[in-house]
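*Asks:* Starting off with a structure, shown below.
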Amino acid sequence: MNSVKKAVIPAAGYGTRMLPASKAIPKELFPVAGKPVIQHIVEEAVDAGIEEILIIISEGKEVIKSHFSTNSDLEDRLILRNKEEELKEIQKLSNLARIEYQYQPEQKGLGDAILLSKSWVGNDPFMIMLGDTIINPISETQKLISSFLAFQSNIVQVREVAPDQVSKYGIMDGSFDKDKSLYKVNKWIEKPSQELAPSNLAIAGRYIFTQDIFKYLEGTGLGIHNEIQLTDAMQAMLRDNTCFAQVLKGRRFDIGNWEEFIKANIELSDFENL
Ligand code: G1P
């Protein structure tokens, strides 16, 4: 199987949990340790060998594009003022990866957003990186790609959550394969109640699939919250394909949650006496 060179970053949601802060500024552009959340994610992708990125946006979120595009006026001004460090940072942004954008016309869920990337993905394996999720250390993403290539199977990063938190996430059931140090997944279920949850291993925010996932997404109807759920398509795909889950050895910050947003800022900044 080819290596993973493409990533899709869904960033079209309204960010309602972060209102009013997210009314005009997409939460993906909120600063964490001096740079926007989505820049952390693009850098993580590039570090893992990703060369092409598709960001799914919605109307009103065009400012995400501005962050990664060239701004000649700003560059000229920085040159004039001899601000070399800042100039380098700004120029780096427009050269990080080949970034394209796709609009999601209606907010019909994560599954719908991913389905919109079908023709861009083509026949290549690809990674999904949730646009509001920072992973630390970023080397965990490279490890996910290595496992995908070693075992030639769809793979999803998971992490343990407290039992009373399972209803916020996609949860897996599976058996641990000692030789591979991975779970072989038997079941995916989106946002189950605590009683129905088969484990407390939750989808963390990074997934690698072959293009087969699109076939199942096309057959997926509305799920929980009346949205097309990626997790439902993953469950359908288990009928014909194996899927592994790799436990994240590190931290995951959900930027759509104030407490985690603040924690991310503190943990990822190098403040000495905070
Ligand atoms: C989405 C996924 C869920 C996953 C979560 C991780 O849910 O549907 O399976 O566990 O992201 O953040 P959302 O946060 O969009 O409700």
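*Asks:* What do you reckon, is residue 57 surrounded by 13 or more Cβ atoms within 10 Å (Cβ to Cβ) and either over 30 Å from residue 180 (Cβ atoms) or of a type in the set (Ser, Thr, Tyr) (or both)?
*Replies:* yes
*Asks:* Using beta carbons and a limit of 6 Å, which pairs, at least six apart or on different chains, have the first residue in the stretch 227-253 and assigned to a helix (DSSP H, G or I) and the second one within 11 Å of the ligand (Cβ to nearest atom) and of a type in the set (A, V, I, L, M)?
*Replies:* Taking only residues 6 or more apart or on different chains, the pairs are 230/110; 230/114.
*Asks:* Between 236, 245, which is small (Gly, Ala, Ser), under 30 Å from residue 30 (Cβ atoms) and either at pLDDT 95 or above or buried (at least 19 other Cβ atoms within 10 Å of the Cβ) (or both)?
*Replies:* Working: 236 fails: under 30 Å from residue 30 (Cβ atoms).
Matching residue, one of 236, 245: 245.
*Asks:* Just name the residue that is nearest to the ligand (Cβ to nearest atom) out of those in the stretch 223-253 that are among the small types (Gly, Ala, Ser) and in contact with a helix residue (DSSP H, G or I) (Cβ under 9 Å, 6 or more places away or on another chain).
*Replies:* Filtering the stretch 223-253 down to residues among the small types (Gly, Ala, Ser) leaves 223, 233, 236, 245, 250.
In the following step, the residues that additionally are in contact with a helix residue (DSSP H, G or I) (Cβ under 9 Å, 6 or more places away or on another chain) were identified as 223, 233, 236, 250.
Values: 223: 9, 233: 11, 236: 15, 250: 15 Å.
So the residue we want is 223.
*Asks:* Of all the helices (runs of 4 or more DSSP H) wholly in the stretch 80-171, which have at least 1 residues that are of a type in the set (Asp, Glu), more than 16 Å from the ligand (Cβ to nearest atom) and within 30 Å of residue 266 (Cβ to Cβ)?
*Replies:* So the answer is 84-95.
*Asks:* Now, a different point. Looking only at the stretch 260-274, which residues are part of a helix (DSSP H, G or I) and farther than 30 Å from residue 183 by Cα?
*Replies:* Here is the first cut: in the stretch 260-274, the residues part of a helix (DSSP H, G or I) are 260-268.
Once the filter is applied, which keeps residues that are part of a helix (DSSP H, G or I) and farther than 30 Å from residue 183 by Cα, the stretch 260-274 yields 262, 265, 266.
*Asks:* Moving on. If we keep just the residues of the stretch 254-274 that are more than 23 Å from residue 192 (Cβ to Cβ) and within 14 Å of the ligand (Cβ to nearest atom), which is surrounded by the most Cβ atoms within 10 Å (Cβ to Cβ)?
*Replies:* 255
The values are calculated or read from the model by the stated rules, or taken from the named source; none is laboratory data. The shown structure was predicted, so the numbers you read here are calculated from the model rather than taken from an experiment. Please note: Cβ atoms are built from the backbone with ideal geometry, for glycine as well, and neighbour counts cover all protein chains shown.
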